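Peer 1: Take a look at this one; I'll ask things after.
The values are calculated or read from the model by the stated rules, or taken from the named source; none is laboratory data. It should be emphasised that the depicted structure is a prediction, and the values quoted were computed from it without experimental measurement. Neighbour counts run over all protein chains shown; Cβ positions are idealised from the backbone, glycine included.
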DNA sequence: GTTTACGCATCCCCG
DNA sequence: ATGCGTAAAC
């Protein structure tokens, strides 16, 4: 068995209490950087050390990557058996369970998971079928409809309630919207499709309606832990309650101040209501911060102090010193990009690895300008958030074929696949599908369909490839064969830019390599979409140093030595969509809080004072209200050194000697203390202390 | 009657 | 860069 772990030495008293309390419901309120992950990791280790079989522990996290990471750490603390702990997201667990128990509610094991785009396509199809898309009507669009349906499911409200509260202007269409909702539900059921919400809802139903399943669950998972509980919703809370009915051993961990997923139905009041749902719950607060310097925490505390509703807590640290956050007022976006790039190069001179720096922003497109600047300067980066690989049209095309192989009644995928054929439009596709839906072998129907000469060949080729793929077994082989077939279609449909898209197909093929089961591959693509590969200078190998660009949402739970938050202008952050509704605005504030608490040592806040707004052209942007609210002592403005005073000291020409006085763009005046070989010097700067600088990167001027 | 090409507006965050 | 509506082409 594992080695003894000295919990008392590794953890502070509050963390220790959370780790040592094994039975009953527990709510851990964990401030940013308070060692939340550490606490979960040690608790897993503790449970296993106490003799609980690892497979009887369930760890629900926000992403599957987070679960894997935690279990890896637990394995390092105790022993490898910790990796056998069941871990994943609510959705991945639901998927897994529904493949096993779905027959109880009329689903086979090979149902198809619809991602957002698929769900929207389905709604659009039904909307036209019901004649609700004639022009001139102000009927909601597919994305609004899906959001509406999703909120109803996740919040357990009626469509009418949702409309009244959030979309009163669509109330007149209530009967049609309800009808469409019913049609959508029926359509999915009939064709073995589930969207993200169905995964949760159906799993909940199975649990609710079948006591024996609940009992089996309670036996299978004796201890349940839920991370990021502030971002769960009512339905997820109910699922946890039912799964834990037999024993009540549930620990949830979260921070109400970091709840940023309300748009997805999450409700931070969930965490406030946990004690009601689980009577007798023990509440433990983690308030000591181990991540950031005090000046950063001061700013973070000031941001969240203005939040209206929260568990009161105040972050503190025992760390001494640290620089105040820096505020940079940029002329425009280009100036902001230049500023960020220059600071990054300086940090690299100081020896901060690129991988310890992140640039965060509200929306994925806020970094477009910066991405160009970084590419120009050869600074490698990866971008998280924004478009996913699976959302690209050409990837969806290929995936649709694979889905058909697995679930021949996935009419949505048939629709997409048929439209790719030359000479086939929506009308013909519908006709073919009408023949398919009742047939015992849909692929055979393709051959017999009375096709017009213009697309007959295409249809036959499709039938052939589907049959061929059905008979292959390796996922990679199937995909490779499919890509061969798809190539000419790709060139025809996306003739403008197909070479770019070919590379995405390559990435998909690489991804498929590790899968032995097609249905696992497809489920993972939907449940854990890989990031887009088209983003700029993606490093070839994982260990190559690179900077992180990320939306704040995707940066949840992560930390860096230096963090830049950019585009802090009204209308961007807070988003223009959020400023009218007070609840939305509160969420924006929490989002800003999440952003600033990612930083350990340095925090840079940037806002461009002019910007381009589509339709309006170049406009003056006001600084974000979140910046205006901050008292000026909490940060210091960045002072730029005038261009003309710069004169580079290159390693060849300028032989520096100890005692020389130099000028550095960020640290100002300094005195050379030591010359370390040809390229490095040690310089003492007033107010910043001693720095080792690489002359190859540093722009030093001798005074 | 259908399909396709083209020009138009629009774009937040996500399992 | 996708998603829509309209007009030209099959």
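Peer 1: With (1) closer than 23 Å to residue A:114 by Cβ; (2) at pLDDT below 90; (3) within 13 Å of DNA strand B (Cβ to nearest atom) as the list, and residue A:418 as the residue in question, which single condition is left unmet?
Peer 2: The number of the failed condition is (2).
Peer 1: Looking at segment A:121-131, can you tell me whether even one residue there is at positive phi and within 16 Å of DNA strand B (Cβ to nearest atom)? If you could, list the steps in order and put the result at the bottom.
Peer 2: First, pick out the residues of segment A:121-131 that are at positive phi: A:131.
With the extra rule that they be within 16 Å of DNA strand B (Cβ to nearest atom), the set shrinks to A:131.
Checking segment A:121-131: at least one residue is at positive phi and within 16 Å of DNA strand B (Cβ to nearest atom).
Peer 1: Mind telling me which of the residues A:386, A:423 ends up being assigned to a loop (DSSP other than H, G, I, E, B), in contact with a helix residue (DSSP H, G or I) (Cβ under 9 Å, 6 or more places away or on another chain), within 13 Å of DNA strand B (Cβ to nearest atom) and farther than 19 Å from residue A:489 by Cβ?
Peer 2: On the way: A:423 fails: farther than 19 Å from residue A:489 by Cβ.
That would be A:386, the only listed residue that is assigned to a loop (DSSP other than H, G, I, E, B), in contact with a helix residue (DSSP H, G or I) (Cβ under 9 Å, 6 or more places away or on another chain), within 13 Å of DNA strand B (Cβ to nearest atom) and farther than 19 Å from residue A:489 by Cβ.
Peer 1: Exactly one condition in (1) assigned to a helix (DSSP H, G or I); (2) free of Cβ contacts under 8 Å to residues at least 60 places away in the same chain is not met by residue A:415; state its number.
Peer 2: Residue A:415 satisfies all of (1) assigned to a helix (DSSP H, G or I); (2) free of Cβ contacts under 8 Å to residues at least 60 places away in the same chain except (2).
Peer 1: Is it true that residue A:439 is out of contact with any helix residue (DSSP H, G or I) (no Cβ under 8 Å at 6 or more places or on another chain), more than 9 Å from DNA strand B (Cβ to nearest atom) and without any contact (Cβ under 8 Å) to a residue 24 or more places away in the chain?
Peer 2: Working: out of contact with any helix residue (DSSP H, G or I) (no Cβ under 8 Å at 6 or more places or on another chain): no; more than 9 Å from DNA strand B (Cβ to nearest atom): yes; without any contact (Cβ under 8 Å) to a residue 24 or more places away in the chain: yes.
So residue A:439 fails the test.
Peer 1: Just to be sure before I move on: is residue A:467 out of contact with any helix residue (DSSP H, G or I) (no Cβ under 9 Å at 6 or more places or on another chain) and in contact (Cβ under 8 Å) with a residue 12 or more places away in the chain in the structure I sent? If you could, list the steps in order and put the result at the bottom.
Peer 2: Working: out of contact with any helix residue (DSSP H, G or I) (no Cβ under 9 Å at 6 or more places or on another chain): no; in contact (Cβ under 8 Å) with a residue 12 or more places away in the chain: yes.
Criteria not met by residue A:467.
Peer 1: Pairs under 9 Å by beta carbon, first residue without any contact (Cβ under 8 Å) to a residue 12 or more places away in the chain in segment A:515-529, partner assigned to a loop (DSSP other than H, G, I, E, B) and more than 11 Å from DNA strand B (Cβ to nearest atom), six or more apart or different chains?
Peer 2: That search, which allows pairs on different chains as well, returns A:524/A:515.
Peer 1: For segment A:356-383, which residues satisfy the criterion of being surrounded by fewer than 17 Cβ atoms within 10 Å (Cβ to Cβ), within 24 Å of the chain's Cα centre (by Cα) and either more than 27 Å from residue A:119 (Cβ to Cβ) or away from DNA strand B (no atom under 16 Å from the Cβ) (or both)?
Peer 2: As a first pass, look at segment A:356-383 and keep what is surrounded by fewer than 17 Cβ atoms within 10 Å (Cβ to Cβ): A:363, A:365, A:368, A:372, A:375-378.
Restricting the remaining residues to those that are within 24 Å of the chain's Cα centre (by Cα) gives A:363, A:365, A:368, A:372, A:375.
Result: A:368, A:372, A:375.
Peer 1: Could you list all residues from segment A:516-548 that are at pLDDT 75 or above, outside any helix (DSSP H, G or I) and surrounded by fewer than 18 Cβ atoms within 10 Å (Cβ to Cβ)?
Peer 2: Pass one, segment A:516-548, residues at pLDDT 75 or above: A:516-530, A:545-548.
Among the residues that remain, those that are also outside any helix (DSSP H, G or I) are: A:516-517, A:528-530, A:545-548.
Result: A:516, A:517, A:528, A:529, A:530, A:545.
Peer 1: While we're here: Pairs needed: first member in segment A:14-25, within 16 Å of residue A:244 (Cα to Cα); second member anywhere, at pLDDT 95 or above and part of a helix (DSSP H, G or I); C-beta distance under 7 Å; at least 6 residues apart or different chains.
Peer 2: Qualifying pairs under 7 Å: A:22/A:47.
Peer 1: For the list (1) free of Cβ contacts under 8 Å to residues at least 60 places away in the same chain; (2) more than 22 Å from the chain's Cα centre (by Cα); (3) buried (at least 23 other Cβ atoms within 10 Å of the Cβ), I need the number of the one condition that residue A:193 fails.
Peer 2: Going through the list (1) free of Cβ contacts under 8 Å to residues at least 60 places away in the same chain; (2) more than 22 Å from the chain's Cα centre (by Cα); (3) buried (at least 23 other Cβ atoms within 10 Å of the Cβ), residue A:193 breaks only (1).
Peer 1: Looking at (1) without any contact (Cβ under 8 Å) to a residue 40 or more places away in the chain; (2) more than 16 Å from DNA strand C (Cβ to nearest atom); (3) crowded, with 20+ Cβ neighbours inside 10 Å; (4) assigned to a helix (DSSP H, G or I), find the lone condition where residue A:408 falls short.
Peer 2: Of the numbered conditions (1) without any contact (Cβ under 8 Å) to a residue 40 or more places away in the chain; (2) more than 16 Å from DNA strand C (Cβ to nearest atom); (3) crowded, with 20+ Cβ neighbours inside 10 Å; (4) assigned to a helix (DSSP H, G or I), the odd one out for residue A:408 is (4).
Peer 1: Please go through segment A:258-293 and give me each residue that is more than 16 Å from DNA strand B (Cβ to nearest atom) and out of contact with any strand residue (DSSP E or B) (no Cβ under 8 Å at 6 or more places or on another chain), ordered by number.
Peer 2: Going through segment A:258-293, the residues more than 16 Å from DNA strand B (Cβ to nearest atom) turn out to be A:269, A:271-293.
Selection gives A:269, A:272, A:273, A:276, A:277, A:279, A:280, A:290.
Peer 1: Within segment A:330-350, how many residues are in contact with a helix residue (DSSP H, G or I) (Cβ under 8 Å, 6 or more places away or on another chain) and within 15 Å of residue A:607 (Cβ to Cβ)? Quick ask: steps written out before the conclusion?
Peer 2: Kept after step one, since they are in contact with a helix residue (DSSP H, G or I) (Cβ under 8 Å, 6 or more places away or on another chain), are these residues of segment A:330-350: A:330, A:333-334, A:336-338, A:340-341, A:344, A:348.
Next, only the ones that are within 15 Å of residue A:607 (Cβ to Cβ) stay: A:330, A:333-334, A:336-338, A:340.
Residues flagged as in contact with a helix residue (DSSP H, G or I) (Cβ under 8 Å, 6 or more places away or on another chain) and within 15 Å of residue A:607 (Cβ to Cβ) within segment A:330-350 amount to 7.
Peer 1: Follow-up. Just need a number here: residues in segment A:591-611 that are more than 23 Å from residue A:331 (Cα to Cα) and either over 23 Å from the mean Cα position of the chain (by Cα) or within 11 Å of DNA strand B (Cβ to nearest atom) (or both). Don't jump to the end; show me each part of the working.
Peer 2: Quick first cut of segment A:591-611, residues more than 23 Å from residue A:331 (Cα to Cα) only: A:591, A:593-594, A:597-601.
Cutting the leftovers down to either over 23 Å from the mean Cα position of the chain (by Cα) or within 11 Å of DNA strand B (Cβ to nearest atom) (or both) gives us A:591, A:601.
Residues in segment A:591-611 being more than 23 Å from residue A:331 (Cα to Cα) and either over 23 Å from the mean Cα position of the chain (by Cα) or within 11 Å of DNA strand B (Cβ to nearest atom) (or both): 2 in total.
Peer 1: How many residues are within 16 Å of DNA strand B (Cβ to nearest atom) and modelled with pLDDT of 85 or more when one looks only at segment A:148-191? Walk me through how you get there before you give the answer.
Peer 2: As a first pass, look at segment A:148-191 and keep what is within 16 Å of DNA strand B (Cβ to nearest atom): A:148-157, A:162, A:165-167, A:169-170, A:184, A:188.
This time we only want the ones that are modelled with pLDDT of 85 or more, so: A:148-153, A:157, A:162, A:184, A:188.
Here the count works out to 10.
Peer 1: Residues that are surrounded by 16 or more Cβ atoms within 10 Å (Cβ to Cβ), modelled with pLDDT under 95 and in contact with a helix residue (DSSP H, G or I) (Cβ under 7 Å, 6 or more places away or on another chain): which strands (runs of 3 or more DSSP E) entirely in segment A:45-147 hold 2 or more of them? Can you show your working first?
Peer 2: Details: elements: A:57-60, A:86-88, A:112-114.
Filter on segment A:45-147 gives A:86-88, A:112-114.
Peer 1: Here is a follow-up. Inspect all residues belonging to segment A:364-380 and state whether any of them is outside any helix (DSSP H, G or I), on the phi < 0 side of the Ramachandran plot and within 16 Å of DNA strand C (Cβ to nearest atom).
Peer 2: Keep residues of segment A:364-380 that are outside any helix (DSSP H, G or I), which gives A:377-380.
With the extra rule that they be on the phi < 0 side of the Ramachandran plot, the set shrinks to A:377, A:379-380.
Filter once more, keeping what is within 16 Å of DNA strand C (Cβ to nearest atom): none.
Checked against the condition, which is being outside any helix (DSSP H, G or I), on the phi < 0 side of the Ramachandran plot and within 16 Å of DNA strand C (Cβ to nearest atom), segment A:364-380 yields no hits at all.
Peer 1: Taking the condition of being farther than 19 Å from residue A:606 by Cα and either assigned to a loop (DSSP other than H, G, I, E, B) or over 27 Å from the mean Cα position of the chain (by Cα) (or both), how many residues in segment A:293-329 meet it?
Peer 2: Residues meeting the conditions: 19.
Peer 1: For segment A:84-133, enumerate the residues that are within 16 Å of DNA strand C (Cβ to nearest atom), within 21 Å of residue A:264 (Cα to Cα) and either touching a strand residue (DSSP E or B) at 6+ places or on another chain (Cβ under 6 Å) or in contact (Cβ under 8 Å) with a residue 60 or more places away in the chain (or both). Break it down into steps so the answer makes sense when it comes.
Peer 2: Applying the first criterion (within 16 Å of DNA strand C (Cβ to nearest atom)) to segment A:84-133 yields A:114-133.
Restricting the remaining residues to those that are within 21 Å of residue A:264 (Cα to Cα) gives A:114-124.
Once the filter is applied, which keeps residues that are within 16 Å of DNA strand C (Cβ to nearest atom), within 21 Å of residue A:264 (Cα to Cα) and either touching a strand residue (DSSP E or B) at 6+ places or on another chain (Cβ under 6 Å) or in contact (Cβ under 8 Å) with a residue 60 or more places away in the chain (or both), segment A:84-133 yields A:114, A:115, A:116, A:117, A:118, A:119, A:121, A:122, A:123.
Peer 1: A further question follows. As an exercise: evaluate residue A:393 against (1) in contact with a helix residue (DSSP H, G or I) (Cβ under 9 Å, 6 or more places away or on another chain); (2) within 9 Å of DNA strand B (Cβ to nearest atom) and give the number of the one condition it does not meet.
Peer 2: Result: residue A:393 passes all but (2).
Peer 1: While we're on this one: Hey, residue A:180 hits all of (1) surrounded by fewer than 18 Cβ atoms within 10 Å (Cβ to Cβ); (2) closer than 25 Å to residue A:409 by Cα but one; which does it fall short on?
Peer 2: (1)
Peer 1: Then there's this: Within segment A:491-515, track down each residue that is farther than 22 Å from residue A:115 by Cα and assigned to a helix (DSSP H, G or I).
Peer 2: Residues satisfying the conditions are A:491, A:492, A:493, A:498, A:499, A:500, A:502, A:503.
Peer 1: Another question, if that's okay. Is it the case that some residue within segment A:468-484 is in a helix (DSSP H, G or I) and within 16 Å of DNA strand B (Cβ to nearest atom)? Don't jump to the end; show me each part of the working.
Peer 2: Of segment A:468-484, the ones in a helix (DSSP H, G or I) are A:468-471, A:475-484.
Still in the running and within 16 Å of DNA strand B (Cβ to nearest atom): none.
Within segment A:468-484, not a single residue is in a helix (DSSP H, G or I) and within 16 Å of DNA strand B (Cβ to nearest atom).
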